[in-house]
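Worksheet: one structure, shown below.
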Amino acid sequence: MDECITPRRFAAELPVDIPRHWLPGNEFVSSLLNAYTILVPANEAFYIRTLNACLPHVRDEALRRRCQDFIRQEAQHGVAHKRYWDNLDAQGYAYRGFERMVDRSVFRTMDRLAPLWFRVSLVSCVEHINAFLGYEFLSQSILASADPRMRDLMEWHFAEEIEHRAVAFDLLQAVSPRYPVRLLGAVTTSTLFYLLMTGLAMALLAQDRRLWWRATWGQAVRHLGAGHGMARRTLRHLLDYLRPDFHPCHLTGADALAAGVLARQASRRPPVVVPMGART
C-alpha cells in the first residue's frame with residue numbers, strides 16, 4: 001500500500017437544479033446515498049473528536065502526521081456534504097430532526113460515556129466500511145449515469161476514504177491492539193451504520209411516496225443481489241475485517257482506483273477538487 005494522504009477542498013458547485021433522484025432510474029440508491037450525505041457531517045465530526053483526543057497519546061510521529069491529514073480530509077467531507085443539505089431542503093425533505101437526534105443520542109453519548117479505546121475501535125470499523133463502499137461504487141462504476149455534480153461529490157469522497165483507509169486501523173493498533181476490542185467495535189459499528197442508513201433511506205423514500213413501489217423494491221433487489229451484489233460483497237468485506245491478520249492495505253487495486261478518480265477531478269477546468277495548504 002502506497003499511502004499518500006492529501007487534504008483537498010471540494011470546489012465544484014452544487015446548484016439547486018440537481019434532481020431529487022440524481023441517479024436516473026434508481027430511486028433506491030439515490031435515497032441510500034442521500035441518507036449517507038445526511039449522516040456524514042455528524043459522523044465525521046465524531047471521527048475528528050476521537051482522533052484529536054488520541055493525538056496527545058500518540059508517540060509515533062509518522063502516525064501523528066497521518067492522523068492530522070486524516071482529520072483535515074474528514075473535516076472537508078463534512079463541509080461538502082452539508083452544502084448539499086441546502087438542496088435537500090429545497091427538495092422538501094424533512095430530515096434535520098432525525099440528524100440532530102442521531103448526533104445527540106449516538107455520537108455525543110459516545111463522547112461522554114464510551115472509553116477512548118472503544119471510540120477508536122468504532123472509527124476503525126466505520127472507516128473500513130467507508131473504504132469498501134467506495135471501492136465497490138468506484139470499481140463497479142455504479143454512479144456512471146448519475147447527475148455529474150453528485151457523481152463528483154460522491155466519487156471524491158469515496159476516493160479519499162480509500163486513500164486514508166489505514167489510518168484509523170493503525171491508530172487502533174497503537175491504542176488497543178487486542179482482538180476483542182476490534183470485534184466489539186465491529187459488531188457495534190456495523191449494526192448502527194446499517195440500521196441508521198436503511199432507516200433514513202426508507203424515510204426519504206416514504207416522503208417521495210415511492211417506498212412501496214414495486215419498481216423501488218426491484219431496484220433494491222438488483223443493488224443488493226445479482227446486479228451490484230452489495231449484500232454478498234458487504235458480508236465478505238465485514239468478515240475480512242474480523243480476520244486476525246486483517247489490514248486495510250489488503251484491498252487490492254484500491255489505491256490506483258482512487259488515484260485515478262482524484263487525478264481526473266483535479267485536472268478538470270475548473271477543477272473539482274483543490275489541494276489544501278500544508279499543515280502549520
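The values are calculated or read from the model by the stated rules, or taken from the named source; none is laboratory data. This structure is a prediction, so every number in the text was calculated from the model and none was measured. Backbone-built Cβ (ideal geometry, glycine too); neighbour counts: all protein chains shown. Surface areas here come from the heavy atoms of the whole protein model, side chains and all, with no ligands, DNA or RNA. Shrake-Rupley method; radii C 1.70, N 1.55, O 1.52, S 1.80 Å.
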Within the range 20-93, which trypsin sites (Lys or Arg not before Pro) sit in a loop by DSSP and count at most 13 neighbouring Cβ atoms inside 10 Å?
-> Arg59
Each label point is 7 Å from the Cα along the Cα-to-Cβ direction; what then is the distance between the points at Met276 and Ala114, in nm?
-> 2.3 nm
Would you calculate the separation in nanometres between label points at Arg64 and Arg178, each defined as 7 Å from the Cα along the Cα-to-beta-carbon direction?
-> 2.7 nm
C-alpha long axis of helix 254-267 to longest principal axis of the chain, angle in ° | 60 degrees
On the formula 1/(1 + (r/R0)^6), with r taken between the Cβ atoms of Ser145 and Glu99 and R0 of 45 Å, the FRET efficiency rounded to 0.05 is 0.95
Mean shadow area (nm²) of the C-alpha convex hull around the chain is 14.3 nm²
Could you please state how large a percent of the accessible area of the range 121-280 is carbon and sulfur, counting protein chains only and using a 1.4 Å probe?
-> 65 percent
List the longest stretch of the chain that has no exposed loop site; here a site is one of the chymotrypsin sites (Phe, Trp or Tyr not before Pro) assigned by DSSP to anything other than H, G, I, E or B, with at most 16 other Cβ within 10 Å.
-> 1-211
Filter the trypsin sites (Lys or Arg not before Pro) in the range 170-210 down to the DSSP loop ones having no more than 10 other Cβ atoms within 10 Å, then list what survives.
-> Arg209
Subtract the Cα-Cα distance of Thr6 and Arg264 from 0.36 nm times their separation in residues, and report this length gain in nm to one decimal.
-> 91.4 nm
Semi-axes, largest first, in whole Å: what does sqrt of 5 times each Cα gyration tensor eigenvalue give for the range 186-277?
-> 29, 24, 15
Taking the Cα atoms only, what angle lies between the long axis of helix 27-54 and the longest principal axis of the chain, rounded to 10 degrees?
-> 20 degrees
The range 1-129 - Rg over Rh from alpha carbon coordinates, Kirkwood radius = 1.01
Would you work out the charge dipole size for the chain about its Cα centre, treating the Cβ of every Lys and Arg as +1 and the Cβ of every Asp and Glu as -1, and quote it to the nearest 20 debye?
-> 400 debye
Relative to the first principal axis of the alpha-carbon coordinates of the chain, what is the inclination of helix 214-224, with its axis defined by its Cα atoms, in degrees from 0 to 90 and to the nearest 10?
-> 30 degrees
Signed unit charges on C-beta, dipole axis of the range 1-149, positive-most listed residue Gly97, Gln73, Pro19 = Gly97
Taking the dipole of the range 143-280 about the Cα centre (Lys, Arg +1; Asp, Glu -1; charges at Cβ), the one of Ala166, Trp217, Ser267 that reaches farthest to the positive side is Trp217
Per-residue [θ]222 nm for the chain (sum of -39500 (n - 2.57) over DSSP H runs n ≥ 4, rounded to 500) | -22000 deg cm²/dmol
